[in-house]
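Some notes on the structure that comes next.
The values are calculated or read from the model by the stated rules, or taken from the named source; none is laboratory data. Quantities reported herein were computed from a predicted structural model and do not represent experimental measurements. Note that we place each Cβ from the backbone using ideal geometry, even for glycine, and neighbour counts take in every protein chain shown. Ligands, DNA and RNA are stripped out before the accessible areas are found, and what is left, the full protein with its side chains, is counted by its heavy atoms. Shrake-Rupley method; radii C 1.70, N 1.55, O 1.52, S 1.80 Å.
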Amino acid sequence: MSAYSIIGRPLPMTDSPAKVSGLGRYADDISVPGMLVGKILHSPVPHARIKKIDSSKAEGLPEVKAVATGRDAQRPYGILPIGHDENALATDKVRYIGDNVAAVAATTEEAAERALELIEVEYEPLTAWFDPLEAMKAEEDWIHEGRPHNIEKEYHHEFGNLEEGFSQAAFVQEERFYAAEVNHAAMEPHSTLAIWQPDARLTVYSSTQVPYYLHRTISDVLEMPMSEVRVIKPMVGGGFGGKSEVIPLEIIAPILAKKAKRPVKITYTREEVFYAHRGRPITLVDLKVGLTREGKISAVAARVVQDGGAYCGYGPVTVLYSGALLGAIYDIRNLKFDGYRVLTNKPACGAMRGHGTVNVRFAFESMLDMLAAAAALDPAEVRRRNLLQAPCVTVNGLRVTSYGLPECIEKVVERSGWLEKKGKLPYGRGIGIACSHYVSGAANPIIRSNMPHTTVNMKIDRDAGVTIFTGASEIGQGSDTMQVQIAAEVLGVRPERIKLVAADTDLTPVDLGSYSSRVTFMAGNACLEAAKNMRAQIFEAVAKKFGCIPDELESRDDAVFYRYKPAQRIAFDEAVRCAIDFHGTLVARGTYAPPDESRGGQHKGAGVGPSPSYSYAAQTAEVSVDPETGEVTIHRVVAAHDCGKALNPVTVDGQVIGSVYMGLGQAMQEEMLWHEGRLMNPSLLEYRIPTTLETPQIDSIIVESEDPEGPFGAKEAGEGSLAAAIPAVANAISDAVGVRITSLPLTPEKILEAIREKQKQDREKNAATRSEKRGAR
């Protein structure tokens with residue numbers, strides 16, 4: 001008999017029937033009587049003081065029931081305690097094209113649009129900053145007062161002895177890498193419905209990854225007690241980090257509802273989604289790495305500049321992740337990091353799948369291949385020679401408890417035919433390898449609090465139906481299904497017996513949200529504890545009935561039985577009735593907070609990077625490059641991911657493939673194009689995400705290292721595979737045609753230019769060689 005009856009089985013996700021039948025309700029699907037349409041007036045200029053706003057003409061329209069400006073919500077907010085620099089509606093000046101100036105609520109969309117046209121705004125233009133390197137030089141007209149030279153935050157870390165490390169290196173490479181700005185491009189646009197109720201309470205339905213933070217922020221900005229605000233997360237059609245902080249419409253809709261005393265819904269257009277943004281920032285990485293003759297990394301120095309846009313958002317976290325996680329994948333003893341988060345007059349950047357790590361991983365994994373070539377070593381072997389010896393604590397204080405990277409590398413090398421292909425394919429065909437990793441949740445919360453990171457409540461009444469109450473946010477990653485599987489496994493019941501109530505601040509306990517791949521590890525552990533506490537109550541009652549002790553009981557297949565006489569059993573329904581007769585209605589609770597030893601060091605910024613566990617991944621990509629056009633065809637990606645334990649192989653497989661797909665989009669074609677602060681491609685027609693036609697064969701391999709602290713050994717599966725896809729392709733292109741592209745995306749134009757430059761250099765070198773030979777004669 002298998003050790004588990006539910007865990008490890010490939011089960012369909014619990015919300016699949018609602019999604020495929022069309023019965024699932026997303027925020028924009030929800031309508032209530034008397035609902036008004038909300039629309040937002042956006043700034044047409046990138047940086048200016050607001051001299052005057054005249055909304056009288058808009059207010060005069062009979063269909064308009066409320067007009068709001070910055071005067072109606074003057075309290076600033078932000079996702080981080082150190083970055084409350086954003087207002088739902090601008091109060092003094094606008095800081096990017098698309099910034100929110102005013103909003104209206106009207107009986108029809110047409111009337112709301114007409115009202116926006118009638119609002120008159122007088123602007124006093126200021127110097128606008130679009131390039132982060134130039135913005136850092138600013139002596140005046142700073143985007144935020146109190147942020148000299150437009151630097152939101154800077155961090156400087158050094159561990160070990162950098163000078164000594166580089167002195168040990170036989171090979172040293174320095175290079176600048178550039179990564180363009182990219183957007184989440186989630187299928188569902190942001191949407192919020194705010195319902196002002198007759199008892200002066202506010203109910204908000206919103207497409208969010210962080211209902212608890214939204215709850216807090218609405219309460220704070222609208223100056224209402226949290227007890228009078230209710231936030232409900234309906235189905236979410238993709239988040240990828242873009243809904244992991246409070247987006248302006250989530251505050252503006254409640255402002256309008258409170259003012260109009262009526263329900264108000266705002267749904268962004270696709271262009272507004274792009275301007276709300278919070279995607280991956282433009283990143284400049286100046287990287288210097290030393291390698292010994294034996295292939296060991298001896299020292300790393302990284303300088304990272306991120307274009308953060310106009311507001312703080314997750315900015316300090318993003319830049320800290322880019323440095324901290326350099327130390328969590330390979331054995332690096334000497335490490336220096338200088339990170340700068342710079343403000344510019346563009347939409348704020350934020351968290352995106354693989355938050356903070358992706359662009360630096362592109363640089364680092366590309367650099368490893370460059371060093372491997374210089375040392376005449378196999379790139380896969382260089383990675384093997386620099387593996388951590390887990391369990392361990394890294395040089396920058398990150399605790400690694402499980403480490404499946406060695407097996408990931410072996411799996412992709414074997415499956416891809418690496419040894420037969422690397423450096424041996426015909427010109428124009430190549431294979432590349434890269435590795436990546438990610439956190440299983442942040443060990444330190446965003447807010448300053450000692451409360452548990454998540455709590456799960458569980459209830460069973462006389463009908464023997466199990467109800468889980470969880471604050472965790474299902475955004476397509478399978479977190480609802482994961483909690484149902486854990487409860488079903490522990491209680492020994494069919495998953496169909498279990499009902500889950502999630503992400504409703506009136507009904508469910510606090511969970512900090514779906515970000516940093518935290519839900520499986522944290523909510524999973526809380527659910528596991530709640531289920532064990534519930535089972536203990538049931539077993540206590542059944543043990544009295546059987547005349548044994550609770551530790552001699554087991555539960556499986558909807559029954560509770562005596563371990564040493566399995567025939568002595570009762571149905572789960574009867575076991576529940578026994579327990580209710582003994583205890584009353586059965587209620588259990590489980591919580592999770594990371595252990596203290598996982599929370600990192602004491603240096604400035606040490607709170608970002610530590611995690612209770614890390615996932616690991618390795619990938620190979622096989623490509624062909626047309627040397628006449630520079631066009632790249634990706635034929636196959638082999639991706640191995642260490643998820644600790646695959647609670648549900650179907651969802652893990654889907655997460656790995658989805659991560660690779662998103663990585664390939666950033667690698668090959670996605671880029672937000674700017675001209676003086678104006679986004680030139682704010683639609684899915686112009687912002688080119690990959691289709692099925694561009695998506696290659698992706699072989700997903702699940703590696704199970706069984707983390708000692710994860711629920712049933714599980715850890716992160718939804719983000720860690722993304723970052724490896726990009727450098728794997730870059731390294732494959734180099735193998736195919738011998739050119740190194742150091743900027744993203746890897747477009748045909750860049751590749752063709754590099755090929756032609758290499759051909760020119762080869763001709764000049766050959767001509768010089770021939771000349772030397774003639775001179776020698």
Looking at region 490-506 only, could you name the residues that are touching a Phe, Trp or Tyr at 6+ places or on another chain (Cβ under 9 Å), open to solvent by less than 20 Å² (accessible area, probe 1.4 Å) and closer than 20 Å to Ile570 by Cβ? Leu491, Gly492, Val493
Filtering region 22-45 down to residues that are surrounded by fewer than 17 Cβ atoms within 10 Å (Cβ to Cβ) and among the basic types (Lys, Arg) yields Arg25
Selection from region 663-677 of residues open to solvent by less than 10 Å² (accessible area, probe 1.4 Å) and either more than 28 Å from Gly478 (Cα to Cα) or of a type in the set (Val, Ile, Thr) (or both) yields Met672, Gly677
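Residue by residue through region 172-217, note down the ones that are hydrophobic (A, V, I, L, M, F, W, C) and under 24 Å from His355 (Cβ atoms). Before the answer, list the steps.
Here is the first cut: in region 172-217, the residues hydrophobic (A, V, I, L, M, F, W, C) are 172, 177, 179-180, 182, 185-187, 193-196, 200, 202, 204, 210, 214.
Phe177, Ala179, Ala180, Val182, Ala185, Ala186, Met187, Val210, Leu214 - these are the residues of region 172-217 that are hydrophobic (A, V, I, L, M, F, W, C) and under 24 Å from His355 (Cβ atoms).
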Looking only at region 610-644, which residues are out of contact with any strand residue (DSSP E or B) (no Cβ under 7 Å at 6 or more places or on another chain) and either more than 16 Å from Ala390 (Cβ to Cβ) or part of a strand (DSSP E or B) (or both)? Asp626, Pro627, Glu628, Thr629, Gly630, Glu631
Please determine, by comparing only the residues of region 678-703 that are more than 25 Å from Val729 (Cα to Cα) and not in a loop (DSSP other than H, G, I, E, B), which one is most open to solvent (accessible area, probe 1.4 Å). Arg678
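Consider Lys39 carefully, then state whether it is over 24 Å from Ile232 (Cα atoms) and either part of a loop (DSSP other than H, G, I, E, B) or modelled with pLDDT of 95 or more (or both).
On the way: over 24 Å from Ile232 (Cα atoms): no; either part of a loop (DSSP other than H, G, I, E, B) or modelled with pLDDT of 95 or more (or both): yes.
Criteria not met by Lys39.
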I'd like the full set of residues that are open to solvent by less than 70 Å² (accessible area, probe 1.4 Å) and of a type in the set (D, E, K, R), limited to region 69-94. Asp72, Asp85, Glu86, Lys93
Which residue is most open to solvent (accessible area, probe 1.4 Å), if the candidates are limited to region 389-427 and must be closer than 28 Å to Phe159 by Cβ and among the charged types (D, E, K, R)? Glu407
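One line per residue, one yes/no per condition, for (1) open to solvent by 40 Å² or more (accessible area, probe 1.4 Å); (2) in the same structural domain as Ala111 (by TED's automatic domain parsing); (3) modelled with pLDDT of 95 or more; (4) in a strand (DSSP E or B):
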{"residue": "His215", "(1), (2), (3), (4)": "no, yes, yes, no"}
{"residue": "Ile218", "(1), (2), (3), (4)": "no, yes, yes, no"}
{"residue": "Ser227", "(1), (2), (3), (4)": "yes, yes, yes, no"}
{"residue": "Arg230", "(1), (2), (3), (4)": "yes, yes, yes, yes"}
{"residue": "Glu250", "(1), (2), (3), (4)": "no, yes, yes, no"}
{"residue": "Ile255", "(1), (2), (3), (4)": "no, yes, yes, no"}
{"residue": "Lys265", "(1), (2), (3), (4)": "no, yes, yes, yes"}
{"residue": "Lys288", "(1), (2), (3), (4)": "yes, no, yes, yes"}
Go through (1) modelled with pLDDT under 95; (2) surrounded by 14 or more Cβ atoms within 10 Å (Cβ to Cβ) and name the single condition Asp573 misses. (1)
Tell me whether region 473-488 contains one or more residues that are surrounded by fewer than 22 Cβ atoms within 10 Å (Cβ to Cβ), touching a helix residue (DSSP H, G or I) at 6+ places or on another chain (Cβ under 7 Å), more than 23 Å from Ala723 (Cβ to Cβ) and not assigned by TED's automatic domain parsing to the domain that holds Gly354. no
Do any residues in region 692-712 that are on the phi > 0 side of the Ramachandran plot have Cβ atoms under 7 Å from those of residues that are basic (Lys, Arg), where the two are at least six apart or on different chains, and which pairs are they? Glu706/Lys645; Phe712/Lys645
Give region 46-68 a look and list any residue that's open to solvent by less than 20 Å² (accessible area, probe 1.4 Å) and either small (Gly, Ala, Ser) or under 32 Å from the mean Cα position of the chain (by Cα) (or both), or say none. His47, Ala48, Ser55, Ala58, Ala66, Ala68
Quick one: how many residues across region 451-472 are more than 14 Å from Glu574 (Cα to Cα), open to solvent by less than 20 Å² (accessible area, probe 1.4 Å) and in a loop (DSSP other than H, G, I, E, B)? 3
Out of (1) free of Cβ contacts under 8 Å to residues at least 24 places away in the same chain; (2) assigned to a loop (DSSP other than H, G, I, E, B), what's the single condition that is false for Pro17? (2)
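Output the residues belonging to region 308-319 that are of a type outside the set (Ser, Thr, Tyr) and touching a strand residue (DSSP E or B) at 6+ places or on another chain (Cβ under 6 Å).
The answer is Gly308, Cys312, Gly315, Pro316, Val319.
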Selection count, region 581-600, where residues are farther than 26 Å from Gly471 by Cβ and among the hydrophobic types (A, V, I, L, M, F, W, C): 1
Ala373 being part of a helix (DSSP H, G or I) and open to solvent by 30 Å² or more (accessible area, probe 1.4 Å): yes
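Condition check ((1) closer than 25 Å to Cys312 by Cβ; (2) open to solvent by less than 10 Å² (accessible area, probe 1.4 Å); (3) not polar (S, T, N, Q)) across all residues:
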| site | (1), (2), (3) |
| --- | --- |
| Lys153 | yes, no, yes |
| Gln168 | no, no, no |
| Ala185 | yes, no, yes |
| Ser191 | yes, yes, no |
Pull up region 318-357, narrow it to residues that are aromatic (Phe, Trp, Tyr) and within 28 Å of Trp129 (Cα to Cα), then point me to the one that is most open to solvent (accessible area, probe 1.4 Å). Tyr340
Open to solvent by less than 10 Å² (accessible area, probe 1.4 Å), in contact with a helix residue (DSSP H, G or I) (Cβ under 8 Å, 6 or more places away or on another chain), among the aliphatic types (A, V, I, L, M) and part of a loop (DSSP other than H, G, I, E, B) - does that describe any residue in region 125-141? yes
The one condition Asp581 fails out of (1) open to solvent by 30 Å² or more (accessible area, probe 1.4 Å); (2) at pLDDT 95 or above; (3) outside the structural domain of Cys435 (by TED's automatic domain parsing) is (2)
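Against the condition in a loop (DSSP other than H, G, I, E, B), open to solvent by less than 40 Å² (accessible area, probe 1.4 Å) and under 29 Å from Arg9 (Cβ atoms), how does Glu706 come out, does it pass?
Values: in a loop (DSSP other than H, G, I, E, B): yes; open to solvent by less than 40 Å² (accessible area, probe 1.4 Å): no; under 29 Å from Arg9 (Cβ atoms): yes.
For Glu706, the condition - in a loop (DSSP other than H, G, I, E, B), open to solvent by less than 40 Å² (accessible area, probe 1.4 Å) and under 29 Å from Arg9 (Cβ atoms) - is not met.
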Test each condition in (1) within 23 Å of the chain's Cα centre (by Cα); (2) hydrophobic (A, V, I, L, M, F, W, C); (3) open to solvent by 10 Å² or more (accessible area, probe 1.4 Å) for Phe364 and report the one that comes out false. (3)
Quick one: Lys19 ticks every box in (1) at pLDDT 95 or above; (2) open to solvent by 70 Å² or more (accessible area, probe 1.4 Å) except a single one, so which number is it? (1)
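Does Ile97 fit the bill of being open to solvent by 50 Å² or more (accessible area, probe 1.4 Å), assigned to a loop (DSSP other than H, G, I, E, B) and under 30 Å from Lys153 (Cβ atoms)? Please lay out each step first, then the result.
Numbers: open to solvent by 50 Å² or more (accessible area, probe 1.4 Å): no; assigned to a loop (DSSP other than H, G, I, E, B): yes; under 30 Å from Lys153 (Cβ atoms): yes.
For Ile97, the condition - open to solvent by 50 Å² or more (accessible area, probe 1.4 Å), assigned to a loop (DSSP other than H, G, I, E, B) and under 30 Å from Lys153 (Cβ atoms) - is not met.
When you check Val660 against the structure, is it buried (at least 24 other Cβ atoms within 10 Å of the Cβ) and outside any strand (DSSP E or B), yes or no?
For Val660, the condition - buried (at least 24 other Cβ atoms within 10 Å of the Cβ) and outside any strand (DSSP E or B) - is met.
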